[in-house]
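Visitor: I'd like to ask some things about the structure below.
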Amino acid sequence: MDFLKDLREIKETLASIDVSLQLLANKSQRRTTAFVSKRIICHRLNIPSVALDKLIHQGIISDGKHGIVEGKHYCKVDPEERNSSKFLFDPYAILNAAWSNFQNV
């Protein structure tokens, strides 16, 4: 079982590195080239998945003024989908928003 856990961790790390390389490659163009899963975003930001769910909820109750907003930070493949693990996230928009909020503190 430890072997499978190690493989899963390596896979998540490589996916996070891939996202980092895409962000660096597109730094001047500031456009999204790929959407990633909730797991990759959480790993990249080093936050638990429940924290991302809270940010999504905050975006919903604030009408998009705070938190993570549908259409800007993530999209749903199926409009009826409620499970956030099925959403596709824009790593550039999320990391840019996180950095902006950090700078304003």
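Visitor: Structure shown: which of Lys5/Lys76; Lys65/Lys86; Lys11/Lys76; Lys54/Lys76; Lys5/Lys38; Lys5/Lys86 lie over 20 Å apart, alpha-carbon to alpha-carbon?
Guide: Values: Lys5/Lys76 29 Å; Lys65/Lys86 23 Å; Lys11/Lys76 24 Å; Lys54/Lys76 17 Å; Lys5/Lys38 18 Å; Lys5/Lys86 22 Å.
Over 20 Å Cα-Cα: Lys5/Lys76; Lys65/Lys86; Lys11/Lys76; Lys5/Lys86.
Visitor: How charged is the neighbourhood of Val36? Take every other residue with its Cβ under 10 Å from the Cβ of Val36, and add Lys/Arg as +1 and Asp/Glu as -1. Let's see the in-between values first.
Guide: Values: positive: Lys38, Arg39, Arg44; negative: Asp18, Asp90.
That works out to +1.
Read the figures in this text as sums done on the coordinates, not as results from a lab. Fair warning: this is a prediction, and the values are worked out from it, not measured in the lab. Every residue, glycine among them, receives a Cβ derived from its backbone with ideal geometry; neighbour counts consider all protein chains shown.
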